[in-house]
1. Just name the residue that is modelled with the lowest pLDDT out of those in the range 15-28 that are exposed (fewer than 15 other Cβ atoms within 10 Å of the Cβ) and more than 14 Å from MET48 (Cβ to Cβ).
2. Report, ordered by the first and then the second residue, all pairs with beta carbons closer than 7 Å, sequence separation of six or more or different chains, a first member in the range 35-64 that is within 18 Å of ASN21 (Cα to Cα) and of a type in the set (Lys, Arg), and a second member that is part of a loop (DSSP other than H, G, I, E, B) and modelled with pLDDT of 80 or more.
Amino acid sequence: MLQSSLKNAVTVDNPAEVLRNQAGTFEVVSPYGLVFQVVCRPGSTMKMREVSQPPRRIEPVNMNWQIRRLDASAF
């Protein structure tokens with residue numbers, strides 16, 4: 001699913017479910033505007049770190065998350 005979308009964001013309900021068994025580095029944006037960098041390795045745990053906070057509290061219009069692949073290299 002995410003293999004072909006290197007630049008375009010994918011909207012999902014549950015990012016953990018989508019990123020399971022993926023390889024690479026992803027930018028994940030929460031419904032509240034928080035941005036996380038997630039490094040995935042198949043068969044291993046995901047490493048996640050917050051990279052930015054929204055300038056003000058954002059009330060989400062919907063509860064969808066956005067995922068965008070930053071690095072497509074396999075591990």
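1. ASN21
2. From residues that are within 18 Å of ASN21 (Cα to Cα) and of a type in the set (Lys, Arg), the pairs are ARG41/ALA23.
The values are calculated or read from the model by the stated rules, or taken from the named source; none is laboratory data. Owing to the predicted nature of the structure, the values given are computational and were not obtained by experimental measurement. A quick note on method: Cβ atoms are made from the backbone with ideal geometry, for glycine too, and the neighbour counts reach across all protein chains shown.
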